[in-house]
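Just below is one structure, and these are the notes that go with it.
The values are calculated or read from the model by the stated rules, or taken from the named source; none is laboratory data. In this text the structure is predicted, and so the values were computed from the model without any measurement. As a convention, Cβ positions derive from the backbone with ideal geometry for all residues, glycine included, and neighbour counts pool all protein chains shown.
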Amino acid sequence: MSAFDWSHVFATRSERMRASEIRELLKLLDQPDIISFAGGIPDPALFPVEAIRKAQDEILADPKLAAQALQYSISEGYVPLRRWIVDFMGKNGVPCTIDNVLITCGSQQALDFLAKMLLSPGDTALVEAPTYLGALQAFNAYEPRYDRLIPDGGNVTPQTYADAAAANGGRVKFAYVVPDFANPTGVTLSEENRRKLLELAADLEVPVIEDSAYQALRFEGEAVPSILSLDVAANGGDIEKTRTIYCGTFSKTLVPALRVGWIVAASPLIQKLVLTKQAGDLHSSTLNQMVMARVAETTYDANVVRAIDLYRKRRDAMMAALARSMPKGVEWTKPEGGLFVWITLPAGIDGAELLARAVAEERVAFVPGKAFFATDAMSNTIRVNFSSADEAQIAEGIGRLGRLIERSIG
C-alpha cells in the first residue's frame, strides 16, 4: 500500500508558507569553522542565567507558587508581568493599564495573531521593502496582497493605496513597520515619518503594527518616540483612542528561549486577541511568565546597559571592517543601534549566489537580501548581523567577504 498523499488535503494558504532562510542558516552555527553573520541572535554571554535560575528555584521551592506556575492560567497573561509592562510602557510615554496588555509567545506569535485577526484573503498589507522576514512568514499564511509602504509618503497617496487594494479584491488592513534599527536594514524611522505614517493610517482608517523588538538597543543619537506614544499624545493621552498596536519582546534584551513577548493596544483589540490566544494555545507558559516577571524586575535595566555596551563595540568593529575591506561600489547602512547592517552590492551580484560561494570558499555566512522583500526583490543585497561574533571574528569574516566580493566584481 502506497504512502498517503498529503498534497491534495492542504489548504491553499499552505502554498504560501516557506521555510525561513534564517532558520536554515542557523544550522551553519553548528559548524565551528564558519564565521556567521546570519542569524539575528543575541550573544548568550548576556543571558541572565543566574537570575533565571534563582527565580525558577524560588518559585518551585514554594508549594503555592509552584502549583500556580505549573497550572493552567488566564489567557491575558500573568498579572505581575503585565503590571511590569504597564510601568515600562508608561516610562516610554504610553500610559495604559493591564487591560491594554496581552502576553504572547514571543512577538512572533503577536504578528501571527494580528494577521489572523485582521487579514482576509486578498486584503492588502502595507510593508516596507525590505522588511522583517518573520513578519512576511506570519502574514503569508492568511493570503494577503502586499503593497510597498513608503513612510515619508513619496508620490503615493492614501487613495492610491486604497484603489490598488480594491482593484485586487480587498482592502488595506494595516501598515507594518519595524521603526527602530529595523530588521533587516538597521535604519530608524524619523519622528517626522512616524507622524506621517499615522496620518496615512488615519486617512486609510487602518491600524499601524509597530514591531519594537530592538527599541531598547540604542547605542548613540537621540531616542525617537515610539509610534504608539505619538498616537497616545495626539489623542489626549488616551490609549483607547489610538490605532497603533505595539509589539514588544524580551528576546533581544533578556533571553529568547523563554518566549515571552507582549502586545499593547486599545482594549477592544486586546479583548479580541484574548479570544485568539485562547483558541491558539490557551495561554503562554505560566512558569516562564513568572520567571520573566522576577528577572525583568531585578535585571532588565542592567542587562540592557550590558547589551548596549557589547553591541556598540561590535557595531563599531563592523563599520571599521567594512570601511577597510569592501571594494568600491559596495554600500552599507550605519545603524545607531540594534543588531543589523544592510549591504547593497554592485549590480549583477546576486546575494544568494554569493552566499553559496561565501560558505564554500571563505567559510562565512550571511542572509541574502531577497528574502526580506514581499515584492520587487533586490537580489544584490545581503544582511549581516554583528551581535553573535566578537570583534576579531568580525574583522576576519568581513575581510574574507570583501575579498570574495572583489573577486566577484573582477
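Kindly check whether there is at least one residue in region 162-177 that is under 28 Å from G338 (Cβ atoms) and assigned to a loop (DSSP other than H, G, I, E, B).
Taking every residue of region 162-177 in turn, none turns out to be under 28 Å from G338 (Cβ atoms) and assigned to a loop (DSSP other than H, G, I, E, B).
Taking the residues in region 156-215 that are within 21 Å of the chain's Cα centre (by Cα) and of a type in the set (F, W, Y) as candidates, determine which candidate is nearest to T344 (Cα to Cα).
The residue in question is F181.
Kindly indicate whether any position in region 313-335 is in a helix (DSSP H, G or I) and within 26 Å of D57 (Cα to Cα).
no
Would you mention how many residues in region 181-192 are surrounded by 19 or more Cβ atoms within 10 Å (Cβ to Cβ) and out of contact with any strand residue (DSSP E or B) (no Cβ under 7 Å at 6 or more places or on another chain)? Give the derivation first.
So the first thing to find is which residues in region 181-192 are surrounded by 19 or more Cβ atoms within 10 Å (Cβ to Cβ), and the list is 181-189.
Now drop any that are not out of contact with any strand residue (DSSP E or B) (no Cβ under 7 Å at 6 or more places or on another chain), which leaves 182, 187-188.
Residues flagged as surrounded by 19 or more Cβ atoms within 10 Å (Cβ to Cβ) and out of contact with any strand residue (DSSP E or B) (no Cβ under 7 Å at 6 or more places or on another chain) within region 181-192 amount to 3.
Looking at V232, V206, V224 in this structure, which one is crowded, with 18+ Cβ neighbours inside 10 Å, out of contact with any strand residue (DSSP E or B) (no Cβ under 7 Å at 6 or more places or on another chain) and in a loop (DSSP other than H, G, I, E, B)?
V224
Name the residue, out of G337, G399, that is modelled with pLDDT of 95 or more and within 30 Å of A51 (Cβ to Cβ).
Only one candidate passes the filter, namely G337.
Condition test on S120, is it within 20 Å of I270 (Cα to Cα) and in contact with an Asp or Glu (Cβ under 9 Å, 6 or more places away or on another chain)? Write out each step before concluding.
On the way: within 20 Å of I270 (Cα to Cα): yes; in contact with an Asp or Glu (Cβ under 9 Å, 6 or more places away or on another chain): yes.
Spelling it out, S120 is indeed within 20 Å of I270 (Cα to Cα) and in contact with an Asp or Glu (Cβ under 9 Å, 6 or more places away or on another chain).
Within region 352-410, work out how many residues are in contact with a Phe, Trp or Tyr (Cβ under 6 Å, 6 or more places away or on another chain), surrounded by 21 or more Cβ atoms within 10 Å (Cβ to Cβ) and over 22 Å from A317 (Cβ atoms).
Total satisfying the criteria: 1.
For region 235-257, how many residues meet the condition of being more than 18 Å from L197 (Cα to Cα), surrounded by 21 or more Cβ atoms within 10 Å (Cβ to Cβ) and of a type outside the set (S, T, Y)?
Counting residues in region 235-257 that are more than 18 Å from L197 (Cα to Cα), surrounded by 21 or more Cβ atoms within 10 Å (Cβ to Cβ) and of a type outside the set (S, T, Y) gives 5.
Does region 280-288 contain at least one residue that is assigned to a helix (DSSP H, G or I) and within 20 Å of the chain's Cα centre (by Cα)?
Filtering region 280-288 down to residues assigned to a helix (DSSP H, G or I) leaves 280, 286-288.
With the extra rule that they be within 20 Å of the chain's Cα centre (by Cα), the set shrinks to none.
No, region 280-288 has no match at all.
Among the residues of region 128-170, write down those that are touching a Lys or Arg at 6+ places or on another chain (Cβ under 7 Å), closer than 17 Å to K370 by Cα and either surrounded by fewer than 19 Cβ atoms within 10 Å (Cβ to Cβ) or among the β-branched types (V, I, T) (or both).
Selection gives A129 alone.
Checking the condition hydroxyl-bearing (S, T, Y), more than 11 Å from I263 (Cα to Cα) and in contact (Cβ under 8 Å) with a residue 24 or more places away in the chain, which residue from S107, S75 passes?
Answer to the selection: S75.
Looking at region 1-54, which of its residues are in a helix (DSSP H, G or I), modelled with pLDDT of 90 or more and over 23 Å from the mean Cα position of the chain (by Cα)? Explain how you work it out, then say what you get.
From region 1-54, those in a helix (DSSP H, G or I) are 12-16, 21-30, 44-46, 49-54; that's our starting set.
When the remaining residues are screened for being modelled with pLDDT of 90 or more, the result is 44-46, 49-54.
Once the filter is applied, which keeps residues that are in a helix (DSSP H, G or I), modelled with pLDDT of 90 or more and over 23 Å from the mean Cα position of the chain (by Cα), region 1-54 yields V49, E50, A51, I52, R53, K54.
Checking the structure you have, find out if any residue of region 240-253 is at pLDDT 95 or above and in a helix (DSSP H, G or I).
Checked region 240-253: at least one residue is at pLDDT 95 or above and in a helix (DSSP H, G or I).
What number of residues within region 49-63 are basic (K, R) and either surrounded by fewer than 15 Cβ atoms within 10 Å (Cβ to Cβ) or not assigned by TED's automatic domain parsing to the domain that holds G261 (or both)?
Within region 49-63, residues that are basic (K, R) and either surrounded by fewer than 15 Cβ atoms within 10 Å (Cβ to Cβ) or not assigned by TED's automatic domain parsing to the domain that holds G261 (or both) number 1.
Quick grid of which residues meet (1) among the charged types (D, E, K, R); (2) within 26 Å of the chain's Cα centre (by Cα); (3) closer than 23 Å to T188 by Cβ; (4) in the same structural domain as Q137 (by TED's automatic domain parsing):
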position: E331; (1), (2), (3), (4): yes, yes, yes, no
position: A347; (1), (2), (3), (4): no, no, no, no
position: R363; (1), (2), (3), (4): yes, no, no, no
position: S379; (1), (2), (3), (4): no, yes, no, no
position: G397; (1), (2), (3), (4): no, yes, no, no
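Consider V295 carefully, then state whether it is over 20 Å from F181 (Cα atoms), in contact (Cβ under 8 Å) with a residue 60 or more places away in the chain, surrounded by 22 or more Cβ atoms within 10 Å (Cβ to Cβ) and in the same structural domain as N140 (by TED's automatic domain parsing).
Spelling it out, V295 is indeed over 20 Å from F181 (Cα atoms), in contact (Cβ under 8 Å) with a residue 60 or more places away in the chain, surrounded by 22 or more Cβ atoms within 10 Å (Cβ to Cβ) and in the same structural domain as N140 (by TED's automatic domain parsing).
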